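Report on the following structure.
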Amino acid sequence: MNIRSLTLGLVDTNCYFLSNGKGTIIVDPSANAEAIIDEADDIGMPVEAILLTHTHYDHIGALDQVHQKFGAPVYVSGEEQHWLKDPDLNGSGKYAGMGMTPIQSSVESTVLSEGHHTIGSFSFEVIHTPGHSPGSLSYLFNEDDALVSGDVLFSGGIGRTDLHQGDYDTLIHSIKDKLYVLDDNLTVYPGHGIPTTIGEEKLTNPFVR
């Protein structure tokens with residue numbers, strides 16, 4: 001599987017493009033829909049799904065435009081499905097006076113539960129990793145040794161827990177009991193910053209001990 005990324009928006013959020021020779025999955029269409037569409041067109045494979053790790057504004061800013069362009073189904077956690085339409089929950093409301101338009105998505109999304117899923121030509125595991133937000137999902141592509149972690153685990157860091165329904169103890173539990181049990185060689189593709197590995201974070205991440 002080939003993995004590309006674009007870093008977009010006010011807080012440098014990573015949008016990922018996973019392609020397997022048959023199709024493409026877009027993860028977290030964060031901002032700048034034109035750039036995301038151009039990147040997907042350059043890959044040149046059908047967009048089979050749009051996956052959301054969670055629904056904070058910086059991960060969904062281009063969702064409606066990208067969905068309108070490709071028509072691919074959108075998948076999200078049940079805990080946060082309603083956040084897509086609520087600026088107070090997705091966090092966009094508090095920036096309305098700073099040039100940001102509050103996000104009230106009109107996309108009809110599908111709930112993803114924890115466990116194994118096959119969508120289009122892709123097979124992967126959904127891991128519920130709450131703490132940064134209640135419905136945070138991590139996507140594990142076992143055959144490709146790849147984990148898209150959203151804002152749960154970063155290179156040398158962890159997601160913040162001071163946003164709506166964030167919880168530090170829950171986040172640490174998610175990392176230790178759901179991510180750190182995975183293969184040390186697994187490459188982690190976070191919502192912000194550079195990729196890392198599970199093994200590297202277990203050895204060096206100062207926030208998880």
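The values are calculated or read from the model by the stated rules, or taken from the named source; none is laboratory data. Nothing here was measured: the structure is a model prediction, and the numbers come from that model. We place every Cβ from the backbone using ideal geometry, glycine too, and count neighbours over all the protein chains shown.
Data overview
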| item | result |
| --- | --- |
| Leading residue by the ranking (surrounded by the fewest Cβ atoms within 10 Å (Cβ to Cβ)) among those in the stretch 38-55 that are over 23 Å from residue 118 (Cβ atoms) and in contact with a Phe, Trp or Tyr (Cβ under 8 Å, 6 or more places away or on another chain) | 39 |
| Residue 96 closer than 21 Å to residue 12 by Cα and in contact with a strand residue (DSSP E or B) (Cβ under 9 Å, 6 or more places away or on another chain) | no |
| Qualifying positions in the stretch 67-79 - surrounded by fewer than 24 Cβ atoms within 10 Å (Cβ to Cβ) and either among the aliphatic types (A, V, I, L, M) or in contact with a Phe, Trp or Tyr (Cβ under 9 Å, 6 or more places away or on another chain) (or both) | 72, 74 |
| Residues satisfying the stated conditions in the stretch 129-170, i.e. β-branched (Val, Ile, Thr) and out of contact with any Lys or Arg (no Cβ under 6 Å at 6 or more places or on another chain) | 148, 152, 158, 161, 170 |
| Unique match (being at pLDDT 95 or above, surrounded by 15 or more Cβ atoms within 10 Å (Cβ to Cβ) and more than 18 Å from the chain's Cα centre (by Cα)) among 207, 141 | 207 |
| Odd one out for residue 53, checked against (1) in a strand (DSSP E or B); (2) touching a helix residue (DSSP H, G or I) at 6+ places or on another chain (Cβ under 9 Å) | (1) |
| Search result, residues across the stretch 13-52 that are out of contact with any Gly (no Cβ under 8 Å at 6 or more places or on another chain) and under 23 Å from residue 154 (Cα atoms) | 15, 16, 17, 18, 19, 26, 27, 36, 50, 51, 52 |
| Scan of the stretch 49-86 for residues that are of a type in the set (Asp, Glu) and over 16 Å from the mean Cα position of the chain (by Cα), ordered by number | 86 |
| Filter result (surrounded by 11 or more Cβ atoms within 10 Å (Cβ to Cβ), over 15 Å from the mean Cα position of the chain (by Cα) and outside any loop (DSSP other than H, G, I, E, B)) within the stretch 95-109 | 95, 96 |
| Residue within the stretch 112-119 that is hydroxyl-bearing (Ser, Thr, Tyr) and in a helix (DSSP H, G or I) present | no |
| Single match in 69, 22 (criterion: closer than 22 Å to residue 143 by Cα and either modelled with pLDDT of 95 or more or of a type outside the set (S, T, N, Q) (or both)) | 22 |
| Close pairs from the stretch 175-195: first more than 16 Å from residue 141 (Cα to Cα), partner surrounded by fewer than 18 Cβ atoms within 10 Å (Cβ to Cβ) and acidic (Asp, Glu), Cβ under 9 Å, at least 6 apart | 192/12; 193/12 |
| Among (1) in a loop (DSSP other than H, G, I, E, B); (2) touching a strand residue (DSSP E or B) at 6+ places or on another chain (Cβ under 7 Å), the one test that residue 6 misses | (1) |
| Count of residues meeting criterion [under 24 Å from residue 90 (Cβ atoms), surrounded by fewer than 17 Cβ atoms within 10 Å (Cβ to Cβ) and in contact with a strand residue (DSSP E or B) (Cβ under 6 Å, 6 or more places away or on another chain)] in the stretch 151-192 | 0 |
